[in-house]
Amino acid sequence: MPADVTIRLLTDTDLPAYKALRDVGLQHDPEAFTSDFDTASRLPPATYATRLGQPPQDHFILGAFDASGAMLGAVVCQRHAQLKKRHEAELVGMIIAPTARSQGIGKALLKEFDTLVRKLPGLEQLVLSVTASNAHAVKLYENAGFVRYGLQPRAIKVDNAYHDKALMIKEL
């Protein structure tokens, strides 16, 4: 990861940059998201405020920023509210700007993500889904300790093409 990259929790002032990064991700990698660009791009940045938080809260967004303050990547944690699912949280929406890929930013985000989720009382495991054909992303998650436990065939349909989702878990 470049030395001038900072990883930190997002605040409400970061929401416009987060939305812009997410919109780029939706356009560049539509098969990676259940949301579609046309719908999501019309939403105001404040739509994502419910994802903000700070451990020990049950949800947060981590962002990676360059020296100029531009957001290069982000990852979201969402913990289940139901009592029987409180032991589990989901890694949602990992996004790395196309121009910032293969620089170690995803690895750095996942390392800090792991540190923060371990501050959530009673959390025992993390789950995620990733486009199964995205070998780079699957390998990134495997290197961070996630293991594949299943496959959801035809999970996403983009332009009449289906994309499977690999289901992954990490015990804490």
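Rule-based calculations on the coordinates, nothing more; no lab input. If you're wondering where the values come from, they're calculated on a predicted model, not measured in any experiment. FYI the Cβ positions are ideal-geometry reconstructions off the backbone, even for glycines, and counts take in every protein chain you see.
Details
- Straight-distance crosslink candidates among lysines, where the alpha carbon sits under 18 Å from residue 111 and sequence neighbours closer than 8 are dropped: 119, 139, 170
- Translational D in µm²/s for the chain (Stokes-Einstein at 4 °C, 1.567 mPa s, Kirkwood Rh from C-alpha pairs): 79
- Cα-based equivalent ellipsoid of the stretch 34-74: semi-axis lengths in Å, sorted from largest, via gyration tensor: 20, 18, 9
- Dipole of the stretch 6-171, positive direction: furthest Cα of 127, 104, 43, with charges on the beta-carbon: 127
- Candidates 11, 131, 47: whichever shows maximal mean-square fluctuation once the chain is modelled as a Gaussian network with Cα springs under 10 Å: 47
- Other-chain or far-sequence residues with amide H under 5 Å of residue 158's (modelled H): 163
- Charge dipole of the chain (Cα centre as origin; +1 on each Lys and Arg Cβ, -1 on each Asp and Glu Cβ, all else neutral): 420 debye, rounded to the nearest 20.
- Residue 80-residue 36 pseudo-label distance in nm [points 7 Å out on the Cα-to-Cβ vector]: 3.0
- Those lysines that a straight Cα-Cα span of less than 20 Å connects to residue 157, excepting residues fewer than 8 apart in one chain: 165
- Loop-resident trypsin sites (Lys or Arg not before Pro) (DSSP state other than H, G, I, E or B) in the stretch 70-153 with no more than 16 further Cβ atoms inside 10 Å of their Cβ: 86, 101, 118, 119.
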